[in-house]
Amino acid sequence: MNPLQVELPGLKLKNPIMPASGCFGFGREYSEFYDLNKLGAIMMKAATGEARFGNQTPRVAETASGMLNAIGLQNPGVEKIMEREVPFLATYNTPIIANIAGSTLEEYEYVAETFNQTDQVSALELNISCPNVKEGGIQFGTDPAMAARVTERVKKASNLPVYVKLSPNVTDIMAMAKAVEAAGADGLSMINTLTGMQIHLPSKRPLLANKTGGLSGPAIKPVAIRMIYEVRQQVSLPIIGMGGITTAEDVLEFLLAGANAVAIGTANFQNPFVCPEIIEDLPAVLKRYGFASIDEVVGKGVLA
Amino acid sequence: MNPLQVELPGLKLKNPIMPASGCFGFGREYSEFYDLNKLGAIMMKAATGEARFGNQTPRVAETASGMLNAIGLQNPGVEKIMEREVPFLATYNTPIIANIAGSTLEEYEYVAETFNQTDQVSALELNISCPNVKEGGIQFGTDPAMAARVTERVKKASNLPVYVKLSPNVTDIMAMAKAVEAAGADGLSMINTLTGMQIHLPSKRPLLANKTGGLSGPAIKPVAIRMIYEVRQQVSLPIIGMGGITTAEDVLEFLLAGANAVAIGTANFQNPFVCPEIIEDLPAVLKRYGFASIDEVVGKGVLA
Amino acid sequence: MRKIELVVKQLTEIAKETYEMVLENSFVSMTAIAGQFLHLQIEGHILRRPISIASVDPKSQTVTIIFKVNGPGTKHLAGYQPNSTLNALGPAGNGFNLEIDDKTVLLIGGGIGVPPLYHLGKKLIEKEKNIISILGFQSKDYVFYEKEFQQLGKTYIVTNDGSYGESGFVTDMLGEVEDFDSYYSCGPIPMLQAVSQKLVHKNGFISLEERMGCGVGACFACVIPSDTEAGYRKICKDGPVFHHQEVSL
Amino acid sequence: MRKIELVVKQLTEIAKETYEMVLENSFVSMTAIAGQFLHLQIEGHILRRPISIASVDPKSQTVTIIFKVNGPGTKHLAGYQPNSTLNALGPAGNGFNLEIDDKTVLLIGGGIGVPPLYHLGKKLIEKEKNIISILGFQSKDYVFYEKEFQQLGKTYIVTNDGSYGESGFVTDMLGEVEDFDSYYSCGPIPMLQAVSQKLVHKNGFISLEERMGCGVGACFACVIPSDTEAGYRKICKDGPVFHHQEVSL
Ligand SMILES: Cc1cc2nc3c(=O)[nH]c(=O)nc-3n(C[C@H](O)[C@H](O)[C@H](O)COP(=O)(O)OP(=O)(O)OC[C@H]3O[C@@H](n4cnc5c(N)ncnc54)[C@H](O)[C@@H]3O)c2cc1C
Ligand SMILES: Cc1cc2nc3c(=O)[nH]c(=O)nc-3n(C[C@H](O)[C@H](O)[C@H](O)COP(=O)(O)OP(=O)(O)OC[C@H]3O[C@@H](n4cnc5c(N)ncnc54)[C@H](O)[C@@H]3O)c2cc1C
Ligand SMILES: Cc1cc2nc3c(=O)[nH]c(=O)nc-3n(C[C@H](O)[C@H](O)[C@H](O)COP(=O)(O)O)c2cc1C
Ligand SMILES: Cc1cc2nc3c(=O)[nH]c(=O)nc-3n(C[C@H](O)[C@H](O)[C@H](O)COP(=O)(O)O)c2cc1C
Ligand code: FES
Ligand code: FES
C-alpha cells in the first residue's frame, strides 16, 4: 500500500499535497516544470459566472515572510474554464478541485451547476472568503448564517462533494466551521488569506491598487495551525489545510494539528518545484518522526 | 520646536516611540543599556489585581518573522507595581502608561482605582485583548458590548485618560473601535497579538504549554497597518500603533496609516537598542519622504 | 525557461546605486533572447525579483545584468559576493521581435529600462541595422553604459536635471534625432505612455514593468489591459515586450 | 552585559552534529564568569539563541562555544564562516558560584550541558579543587571533550546506548564515583531532576535551560517556580545557575 495515500470525500489522493487555488493558475505553466501526475490533486484558480478582469495593478506586495495579493478573482468565467482548462488538466491522472466564487447566491449556484456538466472535476472548493471581492463576497465568509446559506444552496446545485474554504478574518472560526458542517459541507479548506495592507512611503498611499490584500506565506502559518487545531476539536469534517507551507515538516505540522491533506500556495512562486519536492521528502520525514503513513499522522497532535 | 514631539490625551511625548507593554518589563533591564529619558513614553507590563504566576513554560516560540508568546500576564500585582516599579520609572522624565488587565470587571476597576493613588502614571492602557487569559479576559476583547462595558467602568474608576488596546482576532475591528469610542475611551492602542500555535514535531503536541500563544513581530505588520487604516477612516480617537515595527520607516508607515504614535515590542528582544536607534533615525527618514515633523505625517496616507 | 543556478563572477558599481553583475550559466548565455529577464531569488525574500538580461556572452558562458538599488531586495543583491550562487527562473518572458524590415531603429531607454536595450542593440547590429539611442537618467551620477551605446550608434543622453547631456525627458529629444523607422523602448510606464503617444504612427515595441508574483504566468499579478479576446496580457509571460498597439497603457 | 560583536575565528566539527566555535571579543574574554552565556543573534531569526560559554582565553581575546545542531538556528550558526561577525548580548546570566569551601567537586554534564562545565572546571582547578566528571551523551558519535575533562581530573563517560564508556544515564554513575563534597550539573531538566533528587543532601548547583525571549529579564519567558517571595526566578537573569534548593524543577 502507498503510505502517502489519502482518501477524502470524492477524492482518492496518491499523496496529500496539492497546489492551492490561485497560486497555480490552471496548471499549464507549472506543467512545463514537472509532470502534474505527481500531485495529489490540483485546486484550480477561482471560477465565477462571467469573466472578471480583477483589480487594478499593483496586485502583489512583499511582506516579512509573506506576501499580499489582491488579484480580485480574475478568471475567464466558468464556461471557458470548462471548455479550455478542465480538458487540459483532465489529461493528467490527478483529481481536479474547482474553486468557485461569486458575488451572489445565484452566481455560486450557477458556477456549481455548470461544473455538473463534466465528470472531470472531482470536488468543489467553495470560496466564501476571498477578501478581494467587494460586492458582498466577504460577508459570506465572515457571517456563519450567510456561510451556511451559500453552502446549502451550492450543495443542492452540485453533484460533487463541497469543501468550504474558511476565512481566518473572523472572531470565531469554530462557529463558521460548525455552521457549514450543519449546512451539509463535505469538508473544510482552511485557511484563506488574512486581510492586510502595506503603505508605499514615497506615494504615501496603500501600495496595492485595491488598498487591502490577502496575506499569505510562512508569516500566517501559526494562525492556520491554531485554527485547524481548534476546529479539529469539535468538527469531524475532513480538513484540507494551508497557509505558509514550504517544507515536508510543515506538512507534518498541519497533519498533526488536524488537517487530512494540505495545499501549497505562495511557496510555488519561490520554488516552482516545491510540490514535487515535498512529496519526495515526505516519506523520510514521516519516518523520522515515527510514522509509517499519512493515515497514522492525521490529528495525532490533537487526539494523543 | 521639537519636530518629533506629539501630544495625546494625558501624554506630552518628546517623540512618538515607546516600548510596548510586556516587552520591556518595568524598564529596569533596558535601563542598563541606555537612558530611558530618550523614550517618548514607557508602557509597563500588564498589572492585575493580585500577583499572577502566568502559564507553564515553554512560553515562547519562534515563527517565520515572528514569535508566539503565552506569558499569561505574569506580574506581581498592582500594589507591588505601585510600590516598587512606578517609583523607579518615575525617576525618568518619560511618561508612564500603565497596562491594566483582569478577569472580571471588578478586577479592572480595582487596578484602575489603585493607579489613581499616584500622579506618576500618565495614562492607562486597557488590555482587553490578551489572548492568554482563560477566565473570560478574551471575551472583553472580541465582543463590542463587553468592550464598551469594561471601558465605561474603567473610565468611571480612573482619573487618567484610557487607551483601549484592541485585539486583531475579530471579524470587525471597526465595530470594536466604535464601541469603545462611544463608551468614552480617550484613545486606542492597536494591535495586540494574533492568536497562533506551533506544533512541536518530536512530541506531536503544541509547543507552548498553553497550547496557543500571541503572534507578534514583522509577520503581523500588514494586519496592523490594515486595521489602523480601516479604523482611522471613521474613528477620530488618537491611535498608538504597534505590530512588527523594527525601523524608522516602519514607524512612518504606521503614522501614514493613521497612528499618532507607536509602540515597539518584539524588536526589543532582537536589539535592545531598537527604540533609541529608531528615535535617532526618525528625523532623517521624515526628511527623506518630505516631512518636517511627526505632526505633518499623521494620517496623511488616509486623508490625502 | 528553467530553474537555474548562476554563479556570481563579478560585481561592479557602474553608477550611483547602480550595479553591473556578471553571472555564469551556460544555458542562459546560449538561449536568452534580448528583452527576456531572470526571475531572481534573493535570500530572505518571499518574492523573486525580475531583472532584465543586459547582455550575454556564450563564449565565457556568462550573462550580465544591471540593476539599481531600489529597495531591500536589490540592496541585498548588491551584497552578493563573487562565487556565491543565485537561483533564477529564466530566461523568462518573450523578448524583443528582431524580425523587422526597417533599417534605422531608435532605442529609447529610461533609467533601469536601459539594460535590456543594450542586449537588443547588439543583436540589431548583427542584423546590420542603424541604431540611434536616447537614454534618460535622473542626473549625471546615474548615467551608465554611455560608451557602450555609442559603440552601437549615435547616442543622446538626457538627464532630468540637466546635470549631464540634454536637460529634460527622453520625449523632449524625439523631435531632435535623425529620422528612424521603428523604435524599441523600455522604462517607467509614464515614459512609455508619452513615447507611444508621440510616436503613435511608428512601428514600436515597448517593454513593461509590473510587480510580479510567480513570474511564470500562473498568478495573474502582472496583467495589463489589452484589446485581445481575454482583455489582458500577462507581462511576465506574454511580455514584458509588446507591440505598442497591443496593450492599453 | 553588553551588546557586542564577535568575530568568528574558527569552526570545528568536534563530534556528530556538534561544533566548537572560537570567537574573538576582548570584553567577553576578560569578563565572562563560568556558567554565563551569550545570547546570539543569528541572521534571519527573530529570537536570539542562548549558548553557554565553554571557555575563555583572555590572552588571545577569544571565547569558545560548543553547540549542537538542534534546529534551524543552530544549523544556520554552523554555516558561519571564519571572519564573519556575530552579534550577541553577553556575558549573560549569573554564572557558577566559585566560592565554596569543599575540596572535591563532581561535575555532571549531559549533552549540550557539558560545555559550561569545562569553563567551570578550569576555574575550579585554579582554586585547587579536586575534580571528578561524569559526562553523558546519546552515543559514541556524540562524545566530545573527553580528553579536555581528563586533564581536569578523573572523567567517566556514559552513553545512553552503551556504545562508548558506561551504558545508561549519568545518574547510574553517581554511586560508582569517588566521594565528593559538592556538585555542579548542567543538562536537560529530567536529568537535573534525577540528579538533584539523588544528591538532595549534597551542596549542589544546577544550570537550567528554557526557551528565551529577551534573554535579559524583561519578558518573563524563562521563569522557573521557586520558594522566593515572588514565587519564581528568571533563568536568563537570576540564572541560568541556581542552588538546587533554590528552584522547583
Ligand atoms: C520585466 C522586468 C525587468 C526589469 N529589469 C530591471 C533591470 O534590468 N534592472 C533594474 O534595476 N530593475 C529592473 N526591474 C525592476 C526591478 O524588478 C525592481 O527594481 C526590483 O524588483 C525592486 O526590488 P527591491 O526589493 O529592491 O524593491 P522593493 O520595492 O522593496 O520590492 C518590493 C516588491 O516590489 C517589486 N517591485 C518593486 N519595484 C518594482 C519595479 N519597478 N518593477 C517590478 N517590480 C517591482 C519587487 O519585485 C518586490 O516584489 C525590472 C522589472 C521587470 C518587471
Ligand atoms: C542558558 C542556556 C545555555 C545553553 N547552552 C548551550 C550550549 O552551550 N550548547 C548548545 O548546543 N546548546 C545550548 N543551549 C541550548 C540552545 O539554546 C538551543 O539548542 C538552541 O537555541 C536551539 O536553537 P535552534 O534554532 O537550533 O532550534 P529550534 O528548536 O528551531 O529553536 C526554536 C526556538 O526554541 C529555542 N530553543 C530550542 N531548544 C532550546 C533549548 N534546549 N534551550 C533553550 N531554548 C531552546 C530557541 O532558542 C529558539 O528560540 C543553551 C540553552 C540555554 C537556555
Ligand atoms: C496570488 C494568490 C491568489 C490567490 N487566489 C485564490 C483564489 O482564487 N481562490 C482561493 O480560494 N484562494 C486564493 N488564494 C489563497 C490561497 O489558495 C491560500 O489559501 C493562501 O494563499 C494560503 O496559503 P499559502 O500561504 O500557502 O499561500 C490566493 C493566494 C495567492 C497568494
Ligand atoms: C512577550 C510578550 C509579552 C506581551 N505582554 C503584553 C502585556 O502584558 N500586555 C499587553 O497589552 N500586550 C502584551 N504584549 C503585546 C505587545 O504589547 C504588542 O501589542 C504586540 O507584541 C505587537 O507588537 P510587536 O509586533 O512590536 O511585538 C506582549 C507581547 C510579547 C511579545
Ligand atoms: S507574475 Fe504571476 S502571472 Fe505574471
Ligand atoms: S528570556 Fe525574557 S525574562 Fe528571561
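In table form, for the structure just shown:
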quantity	calculated
Any hit, the range A:179-201, residues being of a type in the set (Asp, Glu), facing chain B (nearest Cβ under 9 Å) and touching a Pro at 6+ places or on another chain (Cβ under 9 Å)	no
Filtered residues of the range A:1-50 (kept if within 14 Å of chain C (Cβ to nearest Cβ) and of a type in the set (S, T, N, Q))	A:21, A:31, A:48
Filter pass, residue A:92 being touching an Asp or Glu at 6+ places or on another chain (Cβ under 9 Å) and open to solvent by 30 Å² or more (accessible area, probe 1.4 Å)	yes
Residue that is under 21 Å from residue B:11 (Cα atoms), at pLDDT 95 or above and in a strand (DSSP E or B), where the choices are B:160, B:89, B:126	B:126
Residue that is least open to solvent (accessible area, probe 1.4 Å), among those in the range C:58-72 that are assigned to a loop (DSSP other than H, G, I, E, B) and near ligand 1 (Cβ under 6 Å from one of its atoms)	C:71
Subset of the range B:148-178 (residues that are within 13 Å of chain A (Cβ to nearest Cβ) and either more than 19 Å from residue B:21 (Cα to Cα) or β-branched (Val, Ile, Thr) (or both))	B:170, B:171, B:172, B:173, B:174, B:175, B:176
Residue C:50, sole failed condition from (1) surrounded by 20 or more Cβ atoms within 10 Å (Cβ to Cβ); (2) out of contact with any Phe, Trp or Tyr (no Cβ under 6 Å at 6 or more places or on another chain); (3) part of a strand (DSSP E or B)	(2)
Residue, nearest to residue A:271 (Cα to Cα), within the range C:75-104, restricted to residues that are part of a helix (DSSP H, G or I) and open to solvent by 20 Å² or more (accessible area, probe 1.4 Å)	C:76
Test: residue in the range C:163-171 that is open to solvent by 30 Å² or more (accessible area, probe 1.4 Å), within 16 Å of ligand 1 (Cβ to nearest atom), touching a Lys or Arg at 6+ places or on another chain (Cβ under 8 Å) and part of a loop (DSSP other than H, G, I, E, B)	no
Odd one out for residue D:212, checked against (1) over 30 Å from residue B:268 (Cβ atoms); (2) within 16 Å of ligand 6 (Cβ to nearest atom); (3) aliphatic (A, V, I, L, M)	(1)
Failed item in (1) away from chain D (no Cβ under 14 Å); (2) open to solvent by less than 10 Å² (accessible area, probe 1.4 Å), with residue B:260 passing the rest	(2)
Filtered residues of the range D:30-40 (kept if crowded, with 18+ Cβ neighbours inside 10 Å and either hydroxyl-bearing (Ser, Thr, Tyr) or not in a loop (DSSP other than H, G, I, E, B) (or both))	D:37, D:38, D:39, D:40
Candidate set: the range C:218-245, residues that are facing chain A (nearest Cβ under 10 Å) and closer than 18 Å to residue C:96 by Cα; chosen: the one surrounded by the most Cβ atoms within 10 Å (Cβ to Cβ)	C:236
Qualifying residue in the range A:241-249 (condition: more than 9 Å from chain B (Cβ to nearest Cβ), touching a Leu at 6+ places or on another chain (Cβ under 6 Å) and within 18 Å of residue A:40 (Cα to Cα))	yes
Residue list for the range A:71-81, filter: part of a helix (DSSP H, G or I) and surrounded by fewer than 20 Cβ atoms within 10 Å (Cβ to Cβ)	A:79, A:80
Number of the exception - residue B:204 against (1) farther than 21 Å from residue A:254 by Cα; (2) open to solvent by 20 Å² or more (accessible area, probe 1.4 Å); (3) free of Cβ contacts under 8 Å to residues at least 60 places away in the same chain	(1)
Of all residues making up the range D:111-135, the number that are open to solvent by 10 Å² or more (accessible area, probe 1.4 Å) and within 16 Å of ligand 2 (Cβ to nearest atom)	4
Only listed residue being within 19 Å of residue C:247 (Cβ to Cβ) and more than 14 Å from chain A (Cβ to nearest Cβ), chosen from C:189, C:157, C:206	C:206
Scope the range C:9-27; condition within 16 Å of residue C:40 (Cα to Cα), under 16 Å from the mean Cα position of the chain (by Cα) and open to solvent by less than 20 Å² (accessible area, probe 1.4 Å); matching residues	C:21
Within the range C:180-249, strands (runs of 3 or more DSSP E) holding 3 or more residues that are of a type in the set (A, V, I, L, M, F, W, C)	none
Test: residue in the range A:207-230 that is touching a Lys or Arg at 6+ places or on another chain (Cβ under 6 Å), assigned to a loop (DSSP other than H, G, I, E, B) and surrounded by fewer than 23 Cβ atoms within 10 Å (Cβ to Cβ)	no
Residue, nearest to ligand 1 (Cβ to nearest atom), within the range A:268-281, restricted to residues that are within 11 Å of chain C (Cβ to nearest Cβ) and touching a residue at least 40 places away in the same chain (Cβ under 8 Å)	A:269
Unmet requirement for residue A:135, which otherwise passes all of (1) modelled with pLDDT of 90 or more; (2) surrounded by fewer than 23 Cβ atoms within 10 Å (Cβ to Cβ); (3) not aliphatic (A, V, I, L, M)	(1)
Residue match in the range C:228-241 (condition: at pLDDT below 90 and of a type in the set (Ser, Thr, Tyr))	yes
Residue within the range B:61-70 that is touching a residue at least 24 places away in the same chain (Cβ under 8 Å), away from chain A (no Cβ under 14 Å) and either open to solvent by less than 10 Å² (accessible area, probe 1.4 Å) or not aromatic (Phe, Trp, Tyr) (or both) present	no
Strands (runs of 3 or more DSSP E) wholly inside the range A:2-70 containing at least 3 residues that are closer than 16 Å to residue A:270 by Cα	A:60-63, A:66-69
Filter result (out of contact with any Asp or Glu (no Cβ under 7 Å at 6 or more places or on another chain) and acidic (Asp, Glu)) within the range D:173-204	D:176, D:178, D:179
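Conditions tested, residue by residue: (1) at negative phi; (2) acidic (Asp, Glu).
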| site | (1), (2) |
| --- | --- |
| A:206 | yes, no |
| A:209 | yes, no |
| A:217 | no, no |
| A:222 | yes, no |
| A:230 | yes, yes |
| A:235 | yes, no |
| A:238 | yes, no |
| A:241 | yes, no |
| A:245 | yes, no |
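The values are calculated or read from the model by the stated rules, or taken from the named source; none is laboratory data. In this text, all values refer to a predicted model and were calculated from it rather than measured experimentally. Backbone-built Cβ (ideal geometry, glycine too); neighbour counts: all protein chains shown. Ligands, DNA and RNA are stripped out before the accessible areas are found, and what is left, the full protein with its side chains, is counted by its heavy atoms. Shrake-Rupley method; radii C 1.70, N 1.55, O 1.52, S 1.80 Å.
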